[in-house]
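What follows draws every value from the coordinates through simple rules; no lab data is involved. Just so we're clear, the structure is a prediction, and the values are computed from it rather than from any experiment. Cβ atoms come from the backbone with ideal geometry, glycine included; neighbour counts cover every protein chain shown.
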Amino acid sequence: MTADRFLLGIDAGSSLCKAALFDREGRLMAVKSQRTTLRRPRPGWSELDPVEAWEATVAVLRGVVLEAGIDPGRVSGIGLSAAMVGAWVLDAAGEPLRPGIIWEDSRSQPILDRMQAKDPDVLSRIFRSSGSVLQQGCTLPVLGWLKENEPDLLAEACHVVSYKDYLRLRLTGLVATDRSEAAVIPGDARRRWRSDAMIALFGLEDLAHLLPAIRDSETIVGGLTGEAAGRTGLPEGLPVAIGAGDVAATVIGAGGLQPGLATAVLGTTCMAGICHDEPVFTPPDVGLLFSLPGDCWYRSMVNVAGTLNVDWAVSLLAPELVGQPDAYQTVTAMIEGVPPGANGVIYLPYLSESGIIAPVVAPDARAQFSGLTPAHSRGELLRAVFEGVAFALCDLVSTLGFGGDRMLLTGGGGKNPVWAQMIADVTNLEIVVPAGAQLGARGAALIAATALGLYPDIRTASLSAPQAASRYTPSAVGPVVYGPALALFQRRRDALIASLD
């Protein structure tokens, strides 16, 4: 690819679909985003409308090229990434038969409860295969729920795919998935593949034919159909890479495939992990293991709610700021006016309906404030929310047993310098915020670049990512100013978890 050609990366999340245009060196040239509606029609359900998701993808692909002002013929390929697992049920023509079920969904919990009652070791058996704590929104338990509750619908189905793979089908007509998805549905992390044993465990042998063929992320098996080309304004036949799940793409886009380095994602979800050359299953029965392209594994610990905590707190405590362009600068100024420790207010950031899966698995854990008195203002509560997420991130790093001294911080949270410094002080790690933006889309684009032969392998592509934009060194007084609050957070966390037994 010559210097005047470009790559597109798609990053489709639970509530926001983005397309970003990059040059060969991974520099962001333009980005376009469009919100999608996360629907919760019943308690524990989380769904997306496939038609809305596709229309958003079309809009951002067309919009980003117009924004950049380039000839669409200068785009060399498209990379794909999206929120992982769940279930998008399609008929023989590739048309959706129901709303797409996404990873946050917890409707399968009664099935998991029955399985555990029958075999108390079942979740550990699943972990020993996938390397991940089973989440209710994974594909196999969701498919088990559909089998019990919507059998007539499944009788019409020809495919059950993930979000990314639905978008690829609409773009190219190809029904497929990649190893990063196949290994976590749950599957076999050692082989980076699906597992017949796991499919049988959920009683889904008769539905295994609905799961798509597995291909390597960094391969290209098709291009834009004439219909997709007409909708997006891009050339017919434009190569589209198989792609990878959002976690894999973000780690790649951040330059995280380096030894001795941790990579954290502080987005809607909060995650910290380390890349390995072989699958790591310790500590057992906690955290997640992602199979990345290039025979790499990302062992991670997760607090299911990250920046979601701040968004929620601002909507309740400072509703006048919602939608304002300077909202987060104003909130940051508020918390800077409150000393570390938030004058005794502690916040446990377990806002997700899925609870937490690190440092322990506690699906019933929920967010809460403690230590409140009439003297506290919204400034203390907001500061406590930021600190609570930083303390939870410290939990994740500790559970990983990370022995290094640097951590990449990606996601929207890394763009707040006050929060990034707080995380450096709490974790006692140098925090490195990668240059550029849209790291998930960048990772998707780098996967496409590798598939096109522009890089010899995915590790080389990842290491080509732009260097650090900001560095935050832990303060010498960090343990002094945050130590008491961190200790109190840990006592409150332990008390909550003990109350759930």
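Between the beta carbons of Asp206 and Leu66, assuming R0 = 35 Å, the FRET efficiency works out to 0.15 to the nearest 0.05. What you get for the range 132-231, charging only the Cβ of Lys and Arg (+1) and of Asp and Glu (-1), is a dipole of about 440 debye around the Cα centre. Under the convention that each Lys and Arg Cβ holds +1 and each Asp and Glu Cβ holds -1, the size of the dipole of the chain around its Cα centre is about 600 debye.
The distance linking the range 415-470 with the range 19-64 is 20 Å (Cα centroid to Cα centroid, whole angstrom).
Membrane-span-like helices in the chain (whole DSSP H runs, Cα extent of at least 20 Å along the helix axis, mean Kyte-Doolittle hydropathy of at least -1.0): 50-68, 378-400, 478-499. Farthest towards the positive end of the charge dipole of the range 339-486, among the residues Gly388, Thr427, Ala445, is the Cα of Ala445, using unit charges on the Cβ of Lys, Arg, Asp and Glu. Compute the whole-percent fraction of alpha carbon pairs in the chain spaced more than 31 Å apart. Value for the chain (Cα pairs over 31 Å): 42 percent.
Residue separation of Gln116 and Val221 scaled by 0.36 nm, minus their Cα-Cα distance, works out to 33.8 nm of gained length. Within the range 176-283, the GluC sites (Glu not before Pro) that combine a DSSP coil assignment with at most 15 other C-beta atoms in a 10 angstrom radius are Glu236.
When the convex hull of its Cα atoms is viewed from all sides, the range 6-248 shows a mean projected area of 12.5 nm².
For the range 6-248, a simple Cβ point-charge model (Lys and Arg +1, Asp and Glu -1, everything else neutral) yields a dipole of about 520 debye relative to the Cα centre. Note on the range 150-218: Cα Rg divided by 2.2 N^0.38 Å, N the number of residues, gives 1.13.
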